[in-house]
Amino acid sequence: MMAEDTICRSRILVVDAEDWVREFLASVIKLCGYEEFTLANSVTEALEAIEQCPFDLIITDLKQPQHQRLMEVVHAQQPGTRVIIMMQQRAQVQHVVYYEQVDIVFKPLGLDETVRKIRHALRQRQLRQAEDEFRRLKQEALRMFLS
């Protein structure tokens with residue numbers, strides 16, 4: 001129960017120029033029980049939001065202008081952030097395979113797949129945070145034991 005409470009407080013950023021996509025994803029995010037999300041219609045708007053606070057998950061479209069810049073900023077400033085990239089064609093996968101912590105969803109967006117990808121991405125983020133905390137505590141215990 002506690003893990004689900006933590007997941008529901010996850011911060012999500014949706015970046016897409018199309019109103020219907022942002023509205024659909026906002027509905028899906030609410031349906032999943034996540035309350036903290038931000039909608040941006042451009043990379044510039046998204047970068048402003050990223051400067052204000054960190055996000056656990058960013059959902060964006062591959063054809064978004066300045067998409068590469070968004071990915072570089074996220075990777076540099078928030079390396080633990082998960083990303084879901086939406087794309088039209090499977091042939092476009094080659095453009096994102098080198099990114100870490102990225103999931104892909106194909107348009108047209110389906111409800112079940114989108115829900116599954118969002119939940120999976122946030123669970124993976126939470127798992128990585130728990131592993132990092134465990135590693136930190138283990139190192140701290142070892143230092144205490146050796147001193």
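Quick look at the numbers
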| read-out | value |
| --- | --- |
| Residue among Ala130, Ala91 that is at pLDDT below 85 and either farther than 19 Å from Cys32 by Cβ or of a type outside the set (A, V, I, L, M) (or both) | Ala91 |
| Of all residues in region 62-84 being modelled with pLDDT of 90 or more and in contact with a strand residue (DSSP E or B) (Cβ under 7 Å, 6 or more places away or on another chain), the one that is nearest to Asp19 (Cα to Cα) | Ile84 |
| Residues of region 23-51 classified as over 15 Å from the mean Cα position of the chain (by Cα) and either surrounded by 16 or more Cβ atoms within 10 Å (Cβ to Cβ) or closer than 21 Å to Gly110 by Cβ (or both), total | 7 |
| Candidate set: region 52-63, residues that are more than 14 Å from Lys107 (Cβ to Cβ) and crowded, with 17+ Cβ neighbours inside 10 Å; chosen: the one nearest to the chain's Cα centre (by Cα) | Leu57 |
| Residue count, region 40-85 (criterion: in contact with a Lys or Arg (Cβ under 8 Å, 6 or more places away or on another chain) and assigned to a loop (DSSP other than H, G, I, E, B)) | 7 |
| Among (1) touching a strand residue (DSSP E or B) at 6+ places or on another chain (Cβ under 6 Å); (2) in a loop (DSSP other than H, G, I, E, B) - the single one Phe37 does not satisfy | (2) |
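Residue-wise test of (1) outside any loop (DSSP other than H, G, I, E, B); (2) within 13 Å of Ile12 (Cβ to Cβ); (3) in contact with a His (Cβ under 9 Å, 6 or more places away or on another chain); (4) without any contact (Cβ under 8 Å) to a residue 12 or more places away in the chain.
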| residue | (1), (2), (3), (4) |
| --- | --- |
| Val105 | yes, no, no, no |
| Leu109 | no, no, no, no |
| Glu113 | yes, no, no, yes |
| Arg116 | yes, no, no, yes |
| Arg119 | yes, yes, no, no |
| Arg123 | yes, no, no, no |
| Gln126 | yes, no, no, no |
| Leu137 | yes, no, no, yes |
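The values are calculated or read from the model by the stated rules, or taken from the named source; none is laboratory data. The structure presented is a predicted model; accordingly, all values stated were derived computationally and were not measured. Using ideal geometry, Cβ is built from the backbone for each residue, glycine included, and neighbour counts are taken over all protein chains shown.
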